Amino acid sequence: MDGLDDGPWRVGVLFSNTGFMAVIERTQIQGTLAAIEEINAAGGVAGRPLQPVIYDPASEPANFARCARRMMVEDQVRSIFGCYTSSSRKAVLPVVERLNGLLWYPTVYEGFEFSPNVVYTGASPNQTCVVLCQYLMPRFGPRFFFVGSDYVYPRETNRIMRELIGANGGTVVGERYLPLWAPRRDFRAAMAEIRAAQPDVIFSTVVGESTTYLYQSYADLGMDPKVMPIASITTTEAEIAAMGHDVGEGHFTAAPYFASVDNPRNAEFVRRLQARYGSDVSLNMCFEAAYFQVHVFARALAEANTTDTDLLRPFVMRTEIEAPQGRIAVNPLTGHTDLWARIGRCNRRGQFDLVMQSTRALRADPYLVGTGRTFGECVA
Ligand code: ACM
C-alpha cells in the first residue's frame, strides 16, 4: 500500500526554471508536465492522478539537494523527476540514497556511475561519444579541440573522448574550460585560441546559456562549419532557438532523439504537443526523455501500486515502451536505458537533418565495458 492511501500520487519535479540552465531545463519541466497531464487525462494510475510537487532550484546544485530533501521529508515524495547537470545529480544522489527515494534522471551524461536510487533515462557515452567520433573522424579529420563548461560532465566526457580519439589515430590539439557563468567576451577569446590551433573538429561540452555565446563567437569570427564544425552531445533544438538558426546551421549533435525523427509515433507526438503548447514548443532530447520516463514510471506504478522505492524499482527495471524516438527499455543490468543513437546536422530552420541513425536502441554501457575503443569493435 502507498502511504498516501487513496489520494493523488505525489511526484517531485526538480528542474531549473530560472538561472543559467533554465534555457534547457525548462524543456524538461515541460516534457514532465506534458506526460503527467496526459496520464491524468486518461484517468491517472489505478484511478489516482499524479500530482506534481514542483520546486525551482535556480541552477544551483546546493538548491537541488535542499529541494530534494524537502520533497522527500516534508512532501512525502518518493520519486523525483529531475536534474540536468551532472553536478546537480551528484548533489541529489546522497539525499535519495539516504532517504531511499528514486531520482529519474533524463539527461545525457558522462557515465561511470550506478546508484540503485537513480533511473538513468538519458544517453550513456557509448550511445553518443562513440558514434560521434566514428562519424566525424573519417569525414573531417583526426584533430580535435575540446571546449567545455567547467564541471564534472565536460571533464569526464573529454576523458572518454580523448581515449577514443587516441585509440583511433587522432589527437587532441587543445582543451579549454570556462565557468558556467562566463561572460560572452571570454568565449570570444576562447574561440580565437581554438581557431589558431586549427583543429578539424571542435568538440563542445559547453552547456546552458553559454552555449549561445560559444556558437555566436564562432559565427562572429566568420568560421565555416563545412570545414571545422562544432560537435556536441548537448546542443539541442532549444539552444539553437536561443542562439539563432543561422548561428547553429551546419553544426553537429549526437542524441537519441531529435524533433525531426521520422516515424509515425513521433509525427503524432509532435502534432499533439504543437496543438497543445503552440508550434514553437521546444521538442528536443531533453523534453522527450523527461516525457517518456514519466510514462515508464506510470507503467511500473500501475503494476506495483505503490511509490515505495524497493517495491517499485523491480517493475521499472523491466519496462519497455514505444517512445517518440522508437522502442526503448530500462536495462535491469545497469539501471540505464537502451536508447537509439542518432547524429543530426542543424539546418537553417533550427531543426536537425539526420545524417546517421542506429536501426534499434543500443544497449546502455555506462562503464564502456562491452564497447570497444576502436571503431572496428563498436556497435553503432
Ligand atoms: C550533464 O551535465 N550531464 C549534461
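Every read-out reported here was derived from the displayed coordinates using simple, explicitly stated rules and does not represent laboratory data. What you see is a predicted model, and the numbers here were worked out from it, not measured in a lab. Note that we place each Cβ from the backbone using ideal geometry, even for glycine, and neighbour counts take in every protein chain shown.
Structure notes:
- A Cβ-based charge dipole, computed about the Cα centre of the stretch 1-151 with Lys and Arg at +1 and Asp and Glu at -1, lands at about 420 debye.
- Within the chain, percent of DSSP bridges classed antiparallel, to nearest 5: 35
- Over the chain, Cα pairs under 8 Å with separation of 6+ residues give a relative contact order of 19 percent.
- Between ASN263 and ASP310, the contour length at 0.36 nm per residue exceeds the Cα-Cα span by 13.3 nm.
- Once both labels are positioned 7 Å from their Cα atoms along Cα-to-Cβ, the gap between ARG360 and LEU99 label points is 4.0 nm.
- Helix 22-41 and the long axis of the chain differ in direction by around 30°, with both axes built from C-alpha atoms.
- Cα shape, the stretch 140-233, gyration tensor, a/c 1.5 rule: oblate
- Segments 27-36, 52-61 sorted - mean Cβ within 10 Å per residue, highest first: 27-36, 52-61
- Here the dipole of the chain is about 500 debye; that uses its Cα centre as origin and unit charges on the Cβ of Lys and Arg (positive) and Asp and Glu (negative).
- Signed unit charges on C-beta, dipole axis of the stretch 123-232, positive-most listed residue PRO225, ILE165, THR212: PRO225
- Cβ-to-Cβ counts within 10 Å put HIS336, HIS251 in ascending order as HIS251, HIS336, the fewest first.
- Ordering 84-95, 205-216, 63-74 by mean Cβ neighbour count within 10 Å, with the highest value first, yields 205-216, 84-95, 63-74.
- Between ARG139 and ASN17, the distance separating the two model label sites (each 7 Å from Cα on the Cα→Cβ line) works out to 3.9 nm.
- With contributions of -39500 (n - 2.57) from each DSSP H run of at least four residues, the per-residue ellipticity at 222 nm computed over the chain stands at -12500 deg cm²/dmol.
- In range of the label at GLN198: residues from the stretch 114-143 whose backbone nitrogen is under 13 Å from the point 7 Å along Cα→Cβ: 143
- Across the stretch 227-380, C-alpha contacts under 8 Å between residues 6 or more apart give a mean separation that, scaled by the residue count, equals a relative contact order of 26 percent.
- Within the stretch 176-255: Cβ-based charge dipole about Cα centre, in debye rounded to nearest 20 (Lys, Arg +1; Asp, Glu -1): 260
- Loop-located trypsin sites (Lys or Arg not before Pro) in the stretch 203-300 (DSSP state other than H, G, I, E, B) with a sparse environment of at most 10 neighbouring Cβ atoms within 10 Å: LYS226.
- Unit charges at the beta carbon, dipole of the stretch 220-338: most positive-side option, GLN325, ALA242, LEU301: LEU301
- Added length on full extension, which subtracts the Cα-Cα distance from 0.36 nm per residue, ALA302 to TRP181: 39.3 nm
- Amide H within-cut-off set for THR205, under 5 Å, with H built and near neighbours excluded: VAL147, GLY148, SER149
- Potential extension, ALA189-GLU320 segment - 0.36 nm per residue separation minus Cα distance: 42.5 nm
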